[in-house]
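Notes for the one structure printed next.
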Amino acid sequence: MSRKYRIPVLTEEILDQIIWGMENQDFVYSLNTQDGTVYCPEVSEETVPDEYLVELPPWHSSDGYQIMVSFTNACKDHELQGRLIRELNSRTHGVFRRFRDVLSTDQNALQQFYSFKDSKMKSFIRSWYRKNYGKMTESDHEGSDELPMGELLADFEINHLEPIDQYCIDLLKAYTGSSAVKAKIIEAFTNKEAFVIMKGNVECGALIYEKVGREACVLYYYVEPQFRRMGLFSLAFDLLNRELERGQVTSVAMPFSAESAFFKQVFHDHDVVTKQFGDSFLYNIKDWNDNADSAEFAYVL
């Protein structure tokens, strides 16, 4: 039987404590809900009753590795990026140390990585807090809406286009060839809109959809391979949900049976209930907007 605890507001000090406990591989730490410190019976001189202890968010070496991958994908220095990619691709023991060794040749890049990592972990912790212990109070208004990628995504813009029928036709033809399914989409929908991801004059990806009354349907999405795993799609998807709710849309259909497992996991992580209808599934926009961190602080539509 799970229990809910009243845990302290996530101040920067408590966030730093939790990060330290998550990354410490020598002992298993818990959060002491009495004072917001991390606790381990093996190293503490005091005893804290179990009723005041909460398990820290799960954190594995694979999570740390993914942060390095995301940072590398967003790196603007192509020479440095190449060296980092070589270390990541080695997959041998000591990759974390060698990754930092490469960054240490450029102190600005090293500091940028630490800031990037810190922001990503704090975002992860805040999501864990909201999911398990309800809405935050003070920290909801004290930096909790930082762009997870920080300045690394400053070169990107996400633009909202409407109506975009010819744009969609050209795009779908370019990326799907003679696909009968995509051809049917082109014929069936006539008032398409899109959130298009741009880096300067280069189009990096798009999320295409159409509104039908109080419902919407996501028709197509893509991100160019070199820009994947940076969080760009997540930003576009969140912006979509905020825009749709303002337009009085209440639910969205996702007709992607092959990828539904991926989306369902994302929705599960944010406590968003989905309903299956054949090869499609529906979700409630308000569920997403109430539980997911807003990306609108970063982009003005």
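The values are calculated or read from the model by the stated rules, or taken from the named source; none is laboratory data. Everything numeric in this text was worked out from a predicted model, so none of it was measured. Cβ coordinates were reconstructed from backbone atoms using ideal geometry, including for glycine residues, and neighbour counts include every protein chain displayed.
Somewhere in the stretch 41-64, is a residue within 20 Å of the chain's Cα centre (by Cα) and of a type in the set (Ser, Thr, Tyr)?
yes
Determine whether the stretch 209-217 contains at least one residue that is of a type in the set (Phe, Trp, Tyr), over 19 Å from the mean Cα position of the chain (by Cα), modelled with pLDDT under 75 and assigned to a strand (DSSP E or B).
No, because not a single residue in the stretch 209-217 is of a type in the set (Phe, Trp, Tyr), over 19 Å from the mean Cα position of the chain (by Cα), modelled with pLDDT under 75 and assigned to a strand (DSSP E or B).
Residues that are in the same structural domain as LYS117 (by TED's automatic domain parsing), of a type in the set (Asp, Glu) and loosely packed, with under 13 Cβ neighbours inside 10 Å: list the helices (runs of 4 or more DSSP H) wholly contained in the stretch 1-98 that include at least 1 such residues. Before you say what the answer is, go through the steps one by one.
Values: elements: 12-23, 61-74, 78-90.
Filter on the stretch 1-98 gives 12-23, 78-90.
Taking the stretch 211-244 as the search range and keeping residues that are at positive phi and in contact (Cβ under 8 Å) with a residue 60 or more places away in the chain, which one is surrounded by the fewest Cβ atoms within 10 Å (Cβ to Cβ)?
Within the stretch 211-244, the match that is surrounded by the fewest Cβ atoms within 10 Å (Cβ to Cβ) is ARG229.
Do any residues in the stretch 10-34 that are among the acidic types (Asp, Glu) have Cβ atoms under 6 Å from those of residues that are crowded, with 20+ Cβ neighbours inside 10 Å and modelled with pLDDT of 85 or more, where the two are at least six apart or on different chains, and which pairs are they?
So the pair list comes out empty.
Output yes when any residue across the stretch 20-31 is modelled with pLDDT of 80 or more and within 30 Å of PHE227 (Cβ to Cβ), and no when none is.
Within the stretch 20-31 (the criterion being modelled with pLDDT of 80 or more and within 30 Å of PHE227 (Cβ to Cβ)), the answer is yes, since at least one residue qualifies.
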